[in-house]
Amino acid sequence: MTVLGGLEVHDLGLRDYAEIWELQKERVAMRARQEIPNQLLLVEHPPVLTCGRRFQSQNLRLQPPEQIPVYAVERGGDISFHEPGQLVGYPIIWLPPEKRDVLAFLKLLEQTLIRTLTDLRAPARSHSEAGHTGVWIGERKVASIGIALRRWVVWHGFALNVNNSLGLLKYMNPCGFSPEVMISLKEWGQSEYNMKYIKERVSAHFQELLSLA
């Protein structure tokens with residue numbers, strides 16, 4: 001665990017999605033009772049598909065094999081995926097009365113990732129003018145964002161494609177887009193990226209933006 005300005009950052013390594021989903025629920029309840037400080041959980045998952053509140057069944061194009069589970073979850077958005085080499089971030093943040101703006105928090109997550117990718121000299125941008133949440137490199141989507149809110153605690157979060165294969169895209173239309181829209185940093189830069197460095201930059205930018213919000 002690392003503490004940055006009152007934010008606890010937990011690097012959980014490679015962990016099963018269901019395990020971390022339950023951990024999030026526990027931490028959300030504890031944060032709502034003010035028993036723990038704000039948290040950022042950083043993790044990678046074995047292959048898994050998740051369907052948000054706006055899931056449309058036609059976006060699950062093929063039923064995956066039994067070893068790739070599919071979960072219906074509380075976050076916003078449509079279908080998404082996780083796999084090793086993708087950095088997943090779960091902020092567990094209590095919003096005080098004067099900061100209860102969910103759209104502003106979504107933009108904070110976007111800016112966290114844009115600043116991180118800028119550190120890597122990737123030309124990242126928001127696509128919010130077209131109504132698309134997430135982070136893009138040109139016309140290719142490199143990060144997906146979907147959050148939930150419970151008792152004014154934000155949870156779920158973002159998935160940044162770093163060194164992952166994007167192999168799960170054959171089963172789905174991610175967030176309703178054609179699979180070809182998605183890209184990883186490895187594909188963009190034609191090389192592996194240092195996940196430890198990316199976690200450090202994400203944590204630092206998130207804490208800084210959160211303190212300024």
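Readers should treat all values here as calculations from the given coordinates under stated rules, not as data from a laboratory. Keep in mind that this is a model prediction, so the values were computed, not measured. Neighbour counts run over all protein chains shown; Cβ positions are idealised from the backbone, glycine included.
Here are the numbers for the structure shown:
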item: Kirkwood hydrodynamic radius over Cα pairs of segment 137-182, then Stokes diffusion coefficient at 37 °C and 0.692 mPa s, in µm²/s; result: 270
item: Solution diffusion estimate, µm²/s, Stokes-Einstein, segment 105-213, Kirkwood Rh from C-alpha pairs, 20 °C, viscosity 1.002 mPa s; result: 148
item: Segment 30-61 versus segment 69-122: alpha-carbon centroid distance in Å; result: 9
item: Selection of chymotrypsin sites (Phe, Trp or Tyr not before Pro), segment 27-83, meeting DSSP coil and at most 15 other Cβ within 10 Å; result: none
item: Length-normalised contact order of the chain in % [C-alpha pairs under 8 Å, at least 6 apart]; result: 22
item: Principal axis dimensions, largest first and in whole angstrom, of the chain by Cα; result: 42, 36, 33
item: Residues S128 and R15, FRET efficiency given R0 of 30 Å [Cβ-Cβ distance, rounded to 0.05]; result: 0.45
item: Simple spin-label estimate for E66 and K99 in nanometres, 7 Å along Cα-Cβ; result: 4.7
item: Excluding exposed DSSP-loop GluC sites (Glu not before Pro) (at most 14 other C-beta within 10 Å), longest clean stretch of the chain; result: 67-138
item: Fewest-first ranking of S178, S128, using other Cβ atoms within 10 Å as the exposure measure; result: S178, S128
item: In segment 82-181, the trypsin sites (Lys or Arg not before Pro) that fall in loop regions by DSSP, at most 16 other Cβ within 10 Å; result: R100, R121, R151
item: Rounded to 5, the percent of DSSP beta bridges in the chain classed as antiparallel; result: 80
item: Unsatisfied cross-links (Cα-Cα over 29 Å) in the set K107/K196; K99/K186; K99/K196; result: K99/K186; K99/K196
